[in-house]
Amino acid sequence: MLVVSAAVMLVMMAAIPFYMAKESAEVELLAKAERDLLQSKRIASVKSEVEKVVTGVTPKIRQRIDFPDRFYTILVQMVSNNKYIVGAGVAFVPDYYSDQGKESLFSPYAYDEEPSVALQKKKTDDPQIRTRLLDFDYTTREWFKKPIEKEISLWTQPYVDQGGTKIIMCTYVEPIRDRDNRVVGVLYADVPMEDVSLLSMELESDLERGGRISLMVMLVFLVLFCFILWVAVNASRQYSRNNHEAEKQQLNSEIERLRALNRKLTERNLELSKMARDSQFFG
């Protein structure tokens, strides 16, 4: 059991550096994305175009504030018609649409199911747009709270999309007002950090491939180790059995020798007893 436990610990020690490297790489990529967001002229151009799109769509949301079902069409058009936007949504304060959404929250979202990180490809590709309602409490998120409370537009810090694409993106958010000029929600657009996302996806692929190879190597060594351990245990048992048989045979031989000696002593005692009786009779 101690040997097996040591083998398992060895595998865990080999796996931990892989996951630490993965986390470290993600942190570094996010830091690079943040630097690019602040310094890159190309990013500045993208930001300007996305801001124009969101600012142009916000009045349409306000005009249709009494028809929330129409939001989906607007959001799908935002994603379909703009090469920089891979996701767009609106999110409203709790209970604004009491008969819509889940748990008093209403936030339709449209997204490209398989976004092209190389944004220029989206000009010719046919994006697969999907829609859904956000299924988490977005009211606690900074991208929702800050525009609502301070009535300002903002760009979020870069983050890793956890929806499965692993794309590094940032989001532009703009407050939405109703007909009474109250801020009741936000309109937002998700934009991938193109260069960093490509690097992120390549790194993710390399890490996963390296992780699979490392896992296979570790499993091979673990199987080999278990096989050697099995052979060693069997050899030990065979050795014990062989020794036991040898000891048993030796003990049986010693018993037979003692029995033979005992017989001889018995016969000698009988002879001596007979000689003693004969001497008494003739004496």
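The values are calculated or read from the model by the stated rules, or taken from the named source; none is laboratory data. Not measured: the values here are computed from a predicted model. The area values use the complete protein model at the heavy-atom level, side chains included, leaving out ligands, DNA and RNA. Shrake-Rupley method; radii C 1.70, N 1.55, O 1.52, S 1.80 Å.
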Beyond 25 Å between alpha-carbons counts as too far, so tell me which of Lys60/Lys146; Lys47/Lys102; Lys52/Lys83 fall in that bin. Lys47/Lys102
Express in Å², to the nearest 10, the accessible area of Lys150 obtained by rolling a 1.4 Å probe over the protein heavy atoms while all chains stay in place. 130
